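Heads up: the structure comes next, in structure tokens.
The values are calculated or read from the model by the stated rules, or taken from the named source; none is laboratory data. Note that the coordinates shown come from a computational prediction; the quantities given were computed from them, not determined experimentally. All Cβ positions, glycine included, derive from the backbone under ideal geometry; neighbour counts span all protein chains shown.
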Amino acid sequence: MKIYVSVDIEGLPGVVLPTMTAPWSSQFQRASRIMTRLTNVLADEAFRNGASEVYVADSHGLMTNIDYLELDGRVNIIQGYPRAFSMVSLLDSTFNAIFYLGYHSAAGTPHGTLEHTYNGRVFSEIRVNGIRASEYILNSLYASEQGVPVAFLAGDEYLRKEVEVYTPWVVFVPLKKGVSRYSAISPGLSQIEKAIREGVTEAMSKVKENKVKLLEITKPYKVELVFRDSLIADALEEWDIMERLDAYTLRFTTDSARKMLAIISICSLVGSGIESLKANIR
């Protein structure tokens, strides 16, 4: 079996502050160690349960967070940013399932630790057919369009409801629970490692038995992008696919998860450019 693993950082245990989420931050090395260690735990258990290949997509920020020198040597790793389709880059129909590690709650989730969707500086919320969409939902729609079922999710407790409502077959392992945007409660690391191993074992069994499915949400996808700054909406509203709803919100419609994710990625890059421009106006 060929398994794809998308790994983020904000949903990992022990990661609670921006001081842990960027290479220039004071506590980043600790978060990187946690990310690398738990990636190895997940990969090892996948191999123990029949995986022949494991591809890991380092999927946070500049996407060079996992320490290659400490990574399980059996793993193939995808690193670097920007890249097409971001957190699910190079995912295709040759994979038997997708696993998620360290995923966080959607932008707009009360008490969600470090909550955001794709780009916290740009989007205050992303909605699909009126549903507040997390990166888990967006990436799973893309994976499902490639024919890759969703099998496992380990992350913030606030994702549990999404799993229960939209992907009830998925094995969910809570890694922490948000207390506030910059605070969470996390079990001890030995407890986390045990829970991940047990969850991966169960998920791999489901993959073997074809008990995992594709995520389906009614098409067309009506996507609302709520920006943090109206200037970003100003810059993007003349794109002929966009409809301006208010000062901060644009909407587009598509039948393709691939196109949806591509448009979100482009808007994210444009928004980041505008934020950089504002920072450099003197």
message: Suppose we keep only residues that are among the hydroxyl-bearing types (Ser, Thr, Tyr) and under 29 Å from Ala154 (Cβ atoms) within region 194-244. Which one would you say is surrounded by the most Cβ atoms within 10 Å (Cβ to Cβ)?
response: Tyr221
- prompt: Tally time: how many residues in region 242-259 are of a type in the set (A, V, I, L, M) and out of contact with any helix residue (DSSP H, G or I) (no Cβ under 7 Å at 6 or more places or on another chain)?
  reply: 1
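Against the definition (crowded, with 22+ Cβ neighbours inside 10 Å, modelled with pLDDT of 95 or more, part of a loop (DSSP other than H, G, I, E, B) and among the hydroxyl-bearing types (Ser, Thr, Tyr)), how does Ser105 come out, yes or no?
yes
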field: Checking Pro110 against (1) of a type outside the set (Gly, Ala, Ser); (2) in contact (Cβ under 8 Å) with a residue 24 or more places away in the chain; (3) farther than 29 Å from Leu277 by Cα, the condition it does not meet
entry: (2)
- request: Pairs only if they're at least six apart or on different chains, beta carbon under 6 angstrom, first in region 3-27 and at negative phi and among the aromatic types (Phe, Trp, Tyr), second surrounded by 18 or more Cβ atoms within 10 Å (Cβ to Cβ) and part of a loop (DSSP other than H, G, I, E, B); list them, first residue then second.
  value: Tyr4/Leu91; Tyr4/Phe95
task: Within region 45-63, work out how many residues are assigned to a helix (DSSP H, G or I) and not basic (Lys, Arg).
output: 3
message: Would you confirm, using the coordinates I've provided, whether Ser186 is surrounded by fewer than 24 Cβ atoms within 10 Å (Cβ to Cβ), in contact (Cβ under 8 Å) with a residue 24 or more places away in the chain, within 19 Å of Val7 (Cβ to Cβ) and not hydrophobic (A, V, I, L, M, F, W, C)?
response: yes
- request: Consider Ser134 carefully, then state whether it is surrounded by fewer than 18 Cβ atoms within 10 Å (Cβ to Cβ), under 29 Å from Ser276 (Cβ atoms) and touching a His at 6+ places or on another chain (Cβ under 9 Å).
  value: no
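Just give me the residues in region 80-102 being in contact with a Ser or Thr (Cβ under 7 Å, 6 or more places away or on another chain) and at pLDDT below 95, in sequence order. First the steps, then the outcome.
Initially, region 80-102 is screened for residues in contact with a Ser or Thr (Cβ under 7 Å, 6 or more places away or on another chain), giving 80, 83, 86-88, 98, 100-101.
The answer is Arg83, Ser86.
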query: Just checking, how many residues over region 64-86 are in a loop (DSSP other than H, G, I, E, B) and among the polar types (S, T, N, Q)?
result: 3
query: Is there a residue being of a type in the set (Lys, Arg), closer than 29 Å to Leu269 by Cα, outside any loop (DSSP other than H, G, I, E, B) and in contact with a Leu (Cβ under 9 Å, 6 or more places away or on another chain) anywhere in region 126-137?
result: yes
